[in-house]
Each structure stands twice: as structure tokens, then as C-alpha cells.
Amino acid sequence: MNTSAVLNYLDSQFDASVERLSDWLRIPSVSTDPAFKPDCRRAAQWLADDLQSMGFTASLRDTKGHPVVFAHHPGPEGYDGPHLLFYGHYDVQPPDPLELWDSPPFDPAIVEGPHGKRLVARGAVDDKGQVMTFVEACRAWNKAGGGVPCRITCVIEGEEECGSVNMHEFLEQARPEIVGRDAPGSPCDFAVVSDTGMWDVNTPAITYSLRGLVYLEVFLHGPSRDLHSGLYGGCVPNPINELARIIGLLHDGDRRITLPGFYDDVLPLTKQEREAWAELDFDEKEFLGEAGLSQGYGEKGYSLLERQWGRPTCDVNGIKGGYIGQGAKTVISSSASAKISFRLVPNQDPKKIAAAFRKWIESQLAPGCRVEVVDHGIGRPCLTPIDHPAMAAARAALKQAMGRDAVLMRSGGSIPIVEGFKSILGLETLLIGFGLNDDRVHSPNEKFELACFRNGQRSHAVLLNRLAGLKRG
Ligand code: BES
Ligand code: MN
Ligand code: MN
């Protein structure tokens, strides 16, 4: 149809699109820190206004936390093709540690790199820049292609970086408007998300599985106060020693997780998957080298990609207790704590794993110790069937937009609500992302390659048209 006019428009307007994204990035929408609550709302309103300007009906929907940007576009008159749900998040991770940034995190900077120019700012790739790849494609269709070619509902949330704790309730409430009889035009058919990565800067990717997450904080209590380690050491339980011992028990010598029942529901990797992944010729050396490492690590019997994409993990993310000031202080702390996360793969159930952990840790306690386990949120793993018709449309679109076949991959990261699209709305999800491994997601100097921004816009422009041409299933 008018795809080439739309692609030309995107090219001619690219600098303006970078300016628009930069404006949005200047709003520090840090969702975890209450001090940024007004900024989160401002970032949401910024997007709602932009969507409104291109023919969407857009509003902010309040939740117990930050608002959701909810927007709808009916598509062309008389449209009877599929209706897609586009999801992303406008919230960003805290920028700390600030001193490690080369430029202020909320003052976007254009910097030259090996792949050309890049935009450096918190949220550049995760996820504001990726949301804007889609928004710019809609704008271009509106301005140069005779209108947005398919029916779209946008759900852009503000709490992904703190576990999407209010999204299940939101989806339950908004369900009639998205997939019910009240859905404007027709119910949604599938979801599209841009919050993942490409294979490399020239090679697009479609992610068909994300890992899930259980995040727990363990508080181990012993004596009622801190004690002299000479007078009490060896005669009373030391919560730090005990916590370290228990954490040490979580893995065996093959780096498998010892929690009873942990692997019971793990969907094993298929022979086809393992062969296909081996053929990808993933550069383990480069991946490790970029992190300052030279040797592989992890569960015995699996390659790096298999460990990252298809196997569950357990990691301590932080540990606290005792004296950590200057010099020595001989003391037995009355308590110690650790933040422990499990990344889960299909078909593990986060609730079951959390319950197993609570039961197991009780059984490991030394006499005189007491444990408290606090839940910091869960996300279920997700898996999209690779033979879904929208998947074929996405592969064709990426090939047309970028001139290369897309790699079908999984990802080690998590997007907690994606599984909810399936379980609450009955929708499969296409994860089409434009990030790179070295984008420093969640780290200082987060960046988005302008080449990726451009390819993302082009891909969505082509994809919208191809999805519109699919039969409703
Ligand atoms: N966009 C990321 C997840 C991601 C990154 C998936 C790269 C695939 C490739 C998302 O914003 C994220 O950071 N998720 C968190 C979830 C957590 C905060 C509940 C994660 O994976 O740790
Ligand atoms: Mn993200
Ligand atoms: Mn993130």
C-alpha cells in the first residue's frame, strides 16, 4: 500500500523523532521512588497527549500506583482486520549511582559510538525509546500513509520496573474494553511488545519466551541484641554465619538448585531448540569479555545461551548485616538479611516456588534462629507458540524493514505482565525489541543506538500494515 511513503516520511522526520524522544526522556519517571510520583504522571500525560494528537482516544487510568496510559485507535473506516494490543512502560529504573554517568541521566546526550550515534539517558532503550519506535510508526502512517492502518489499543504502564504489581487488577478491570463485547470495534487478537533486544545491531529478533521471577527478602533473627563475639561467639547462633550457610546450600557442586521440587515443572529444552541455538554461533567470549570475564559459569551440561534463555536460576541480589564501618568491631549481629531472586522458565509456578522456599528455609534453621520471608513480587514465565500467524507476519515485516531474517530467540529477562495477557485476556504476545546486549539497561550510561531507533520505527511501520492484512482468527 503506502508503506514506502511512510518509510520515506520516517526517514525525513528522523531528527524530529529523536527530539521528541529526548523531551520524554527529560521527565524522570522513576517508579520505585515516591519522590518522583508527579514526574511519573507527567510522563504518562506526555504520551497520552502525543497519542491523542494522532487520532487515538487517550486517557490516564488511575491505579493504586502510577497511572496507565490507555489509548485506542479504531483503524481505517470499515476495518475488519485484527485488533492489536500494544504494551510498553514509561517508568524507568533509578539512575543511581549518579557519579558513574558521563552525562546527567535525564539530560539526553547524543554520543558517537562504533555503530554511529547513540542517545544516552535513563530509559533510552528501557523502555521509552522502544515505545516511541511504535508511536513514530503510527505518526508516520497518520501523516503520510492515509491513516493508522489497523485497530490498536495501547496499554503503557508506569510500574513495570517495580514488578507491575497493579497490572493484574488493571487488566481485569479493563478486560471488557480490550477483549470483551464492549471493546471498541472488535476484541483484541494479540499483543505486541517492544521491550526486549535484537540479535545484533544488524539482525532483528523475535523473542518467544521470557523468564519469570520470584523475588524474596529473607530476614534471619538470632540473639535479641548485638553481642560481644569473644564472650558469645561459638555459644550462640550468628545470623550472618547461618544465613551464609543456608545461601551456600542453595546450589550443589554442579550449580544446580537444591530447593526440593524446584525443577519439577521445568519444561525441558527440546532437541530442536538446542540445535537451533547452537547454530546461532553465539559469541560467548565477547559476551563474557564485555562483562570483564573470560570463563563460562553456570549449571553443568548447558551452554551459555541455554543457561540464559532456558534454565532457571537463583541469585542473591543483596546481603546485609553486622558491622561494615571502618576498622574492626568484634560483634555478633542480632540479625542478617538477603534479597534472593529466582528466574523461572516455563512451566514453573512462582507461587509454588516461593512456598517451597519458605518451607525449606524453616527446615534449615539452626536452633535459636527465626526467619521472616517477605515477598517482593512475582512474574510468571511466558511462551508464545512460534507457529502463531502473527509471528509469520512479524518475520516478514522485519525482513522487509531490515533486510535480514529475524532470529527466533528467548530472553533471560522478565516482563511480569506478559503472561497476564494470556491468562487474563487470552492473548498471545509478539515480543519484538530493538535493544542490544551492550545498552547498559538499568546501569549508568544506558543508551539506545539511533540505528536501532530507526530500524524499530521502520519495522513497526511495516508490521502495522502486515498485521492489518491478517485474517481475524
Ligand atoms: N525490559 C526489561 C526486561 C528485558 C530486558 C527483557 C532485556 C529482555 C531483554 C524490563 O524492563 C525489566 O527490567 N524487567 C525486570 C522485571 C522486574 C523489575 C520485575 C527484570 O527482568 O529484572
Ligand atoms: Mn523494560
Ligand atoms: Mn527494565
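Using a cut-off of 10 Å between beta-carbons, work out the net charge of the residues near residue 191 (Lys and Arg +1, Asp and Glu -1, residue 191 not included). List each step's numbers first, then the result.
Working: positive: 422; negative: 189, 428.
Charge balance in the 10 Å sphere: -1.
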Study note, to complete from the structure: One can check that the equivalent ellipsoid of the chain, built from the alpha-carbon gyration tensor with semi-axes equal to the square roots of five times its eigenvalues, has lengths in Å, largest first, of 42, 24, 23
Review point. For 207, 57, what's the largest-to-smallest order of accessible area, 1.4 Å probe?
Key: 57, 207
Check your understanding: By how many degrees, between 0 and 90 and to the nearest 10, does the Cα long axis of helix 450-468 differ from the longest principal axis of the chain?
Key -> 60
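What is the calculated FRET efficiency for residue 392 to residue 247, with r their C-beta to C-beta distance and R₀ = 56 Å, to the nearest 0.05? Let's see the in-between values first.
Values: r = 46 Å, r/R0 = 0.81.
For R0 = 56 Å, the calculated efficiency reads 0.75.
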Check your understanding: What's the local net charge at residue 379, with K and R +1, D and E -1, over the other residues with C-beta under 11 Å away?
Key -> +1
Study note, to complete from the structure: Once residue 33 and residue 15 are pulled to full extension, the length gained, defined as 0.36 nm per residue separation minus their Cα-Cα distance, is 3.3 nm
Check your understanding: If you count, for each residue, the other Cβ atoms within 10 Å and average over each peptide, how do 438-446, 231-239 line up from highest to lowest?
Key -> 438-446, 231-239
**Study point:** Cα-centred dipole magnitude for the chain, charges only on beta-carbon of K, R (+1) and D, E (-1), debye, nearest 20
**Key:** 640
Point to revise | Options 115, 149, 104, ranked by Cα towards positive dipole end of segment 104-149, top entry (Cβ charges) | key: 149
Exercise for review: Report the extension gain between residue 347 and residue 102 in nm, rounded to one decimal, defined as 0.36 nm multiplied by the number of residues separating them, less their alpha carbon distance.
Suggested key: 84.0 nm
Exercise for review: Collect residues whose amide H, placed 1.01 Å from N in the peptide plane, falls under 5 Å from the amide H of residue 407; neighbours closer than 5 in sequence don't count.
Suggested key: 199, 205, 206
Check your understanding: What does the accessible area of residue 283 come to, in Å² to the nearest 10, when a probe of 1.4 Å is used?
Key -> 80
Practice item. Would you check the accessible area of residue 168, probe 1.4 Å, heavy atoms only, in square angstrom rounded to 10? Key: 80
Revision key, fill the gap. Once amide hydrogens are built 1.01 Å from N within the peptide plane, the residues lying 5 or more places from residue 85 or on another chain with amide H under 5 Å from its amide H are 153, 189, 190, 191, 192
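Among residues other than residue 254 whose Cβ falls under 15 Å from its Cβ, what is the net charge (Lys/Arg +1, Asp/Glu -1)? Could you put the intermediate results ahead of the total?
Values: positive: 255, 256, 300, 307, 311; negative: 252, 299, 306.
Here the count lands on +2.
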Check your understanding: So what are the ³J(HN,Hα) numbers for segment 258-263, from phi and the Karplus equation (6.51, -1.76, 1.60; θ = phi - 60°), rounded to whole Hz, Gly and Pro as x?
Key -> 8, 3, x, x, 4, 8
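The values are calculated or read from the model by the stated rules, or taken from the named source; none is laboratory data. Nothing here was measured: the structure is a model prediction, and the numbers come from that model. In this analysis, Cβ positions are derived from the backbone assuming ideal geometry, glycine residues included, and neighbour counts consider all displayed protein chains. Calculation scope for accessible area: heavy atoms of the full protein, side chains included, ligands and nucleic acids excluded. Shrake-Rupley method; radii C 1.70, N 1.55, O 1.52, S 1.80 Å.
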